[in-house]
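Just so you know, all these numbers are worked out from the coordinates, no wet-lab data involved. Just so it is clear, the structure is predicted and the values come from calculations on it, not from any experiment. Cβ atoms come from the backbone with ideal geometry, glycine included; neighbour counts cover every protein chain shown.
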Amino acid sequence: MMKKFVVLILDGFGVGWMDDVLKVRPQDYGANTLLHILESKKDLKLVNLERLGLMNVINKETNVMKKSQIATFGSANLKHFGADTFWGHQEILGSKPLMPVMEPISNRIDNIKKELENKGYKVEEIFKEDRKLLMVNNALTIADNIETDLGQAYNVTAALDFISFEEVVKVGRIARSLVDVSRVIVFGGHGVTKQDILDAIEIKGDKYIGVNAPKSGVYRDRYHCIHLGYKVDYKEQLPYNLNKNGVKTTLIGKVADIVENQYGESIPVVDTKEAMMITLNEIQKSNGGFICTNIQETDLSGHEENVEKYAKKLKIVDDYLTYLIKELDENDILLIMADHGNDPTIGHSKHTRERVPILVYNKNLRGSKIGVRETLSDVAATVSDYFGAEKMKNGESFLNKIH
């Protein structure tokens, strides 16, 4: 049986604010997602994460959670700007994040309209007060994303009963080629009409106009989504690199929505228990390869500022690790990490710019310090090294410390 490398990403599970937060994100000063959850939930016992070195990472102990003498552990800084799930995952899988531009779609909308019309699309300008968005082929809109930091992303929102998702993605890629914001998010659902989308148009701030996605109904029935990032070259990422070596990549959870995986299998899922069950099943049936799972509900709990819910999701993960670890043989590696922080006690509901843990399990490992890595891409470099694939353009392997 071929060997396996499993990366489990606990979304939003930071281990302490980064040194640059006072300069770039002062609202995150003092954040420590792990520590503050443990301080609030003094009876929380995470047996497997404890054994893998969770407390070693923060160099602290509680009455029930102690350091491990056999752990292989470290942490990693974020190289991407801010603290973002999309960019965190691109970085984990090998991309060197480039700084995008923040601007309203009004700066680019005329160029987008002209190019779409040149490509044969029917484009209508839709006005609300003094602002406009685009309606394309009576089935999709192009506008500001009004549900994240304004100016960070544009949304392509589609009624998929009237246009195929493949065609929507083509429109999104045209828009992507003309703009420099962080993301163009292309999505849609069934059971939605043009009027539903129009009724959900809202204006925000002094420059922005967009569609309130939950209000439009696109999430309700057979939702499809792809995130198109600023100058992300998927041919420089781990899934593409592994495929050249004949290694299959399986993406599970939110990572399946936001990372391109043309040659592998992508399984979107939100529920923590279901995500862990699918991961376990993939390990059991796998003939080897790379498996990457995102646990999204930890991040959602942070956004809700709900310590109790966050702790429950961690406990589900920890319980399933008992079964998952039993399925790994001496050739297999399990690595647990995060993409940023999301401290539910910090006083705001956004992500927090924190270092993330790196916990590694292999049957033959008996304690090793990975140190503080300078980029999340060191994980991609390590996985690539493990499978004997081509060296990644970003990140440095620490395989010699864990294998």
(Q) For a quick check: with amide H placed at 1.01 Å from N, whose amide H comes under 5 Å from THR72's, ignoring anything fewer than 5 positions away on the same chain? (A) VAL360, GLY367, SER368
Q) Within straight cross-link reach of LYS119, meaning Cα distance under 18 Å, which lysines are found once same-chain residues fewer than 8 apart are removed? A) LYS170
Q: Would you compute, from DSSP H runs of 4+ residues alone, the mean residue ellipticity of the chain at 222 nm, taking -39500 (n - 2.57) per run and dividing by the full residue count, rounded to the nearest 500?
A: -8500 deg cm²/dmol
Q | P(r) histogram, all alpha-carbon pairs of segment 105-229 included - 5 Å bins from 0, percent | A | 2, 12, 25, 27, 22, 10, 1
Q: Whole Å is fine, so just give me how far the alpha carbon centre of segment 220-245 lies from that of segment 360-386.
A: 23
Q) So which aspartates and glutamates pass the test for LYS204, namely a Cα distance under 17 Å, with those fewer than 8 places away in the same chain ruled out? A) GLU103, GLU129, ASP130, ASP144, GLU147, ASP149
Q.
From the phi angles alone, apply the Karplus equation (6.51, -1.76, 1.60; θ = phi - 60°) to segment 8-14 and give each ³J(HN,Hα) in whole Hz, x where the residue is Gly or Pro.
A. 10, 9, 8, 4, x, 10, x
Q) What helices does the chain hold that run 24 Å or longer along their axis, going by alpha-carbon atoms, with a Kyte-Doolittle average of -0.5 or more, using DSSP H for the helix calls? A) 307-326
Q: Using Cα positions and a limit of under 19 Å, work out the aspartates and glutamates in reach of LYS326, with same-chain residues fewer than 8 apart set aside.
A: GLU50, GLU274, GLU282, ASP318
Q.
Debye calculation, C-alpha points only, no solvent: report log10 I(q)/I(0) for the chain at q = 0.08, 0.12, 0.14 Å⁻¹, in the same order as the q values.
A. -0.43, -0.95, -1.23
Q.
Can you list residues from other chains, or at least 5 along the same chain, whose modelled amide H is less than 5 Å from the amide H of LYS45?
A. none
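Hey, can you rank 49-59, 287-297 by average C-beta count inside 10 Å, highest first? Please report the intermediate quantities before stating the final value.
Details: 49-59: 21.6, 287-297: 23.9.
In decreasing order of mean packing, 49-59, 287-297 become 287-297, 49-59.
Can you tell me which of 250-259, 236-245 comes out highest on packing, and rank the rest after it, using the mean Cβ neighbours within 10 Å? Walk me through the numbers on the way to the answer.
Values: 250-259: 24.9, 236-245: 20.6.
Answer by packing, highest mean first, reads 250-259, 236-245.
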**Q.** Centre separation in Å (Cα based) which lies between segment 119-169 and segment 279-322
**A.** 33
(Q) List the residues, sorted by chain then number, that are 5 or more residues from SER266 or on another chain and whose placed amide H is less than 5 Å from its amide H. (A) LEU251
Q: Kindly state, to the nearest 0.05, the FRET efficiency for LYS391 paired with TYR323, given R0 = 45 Å and r defined as their beta-carbon distance.
A: 0.85
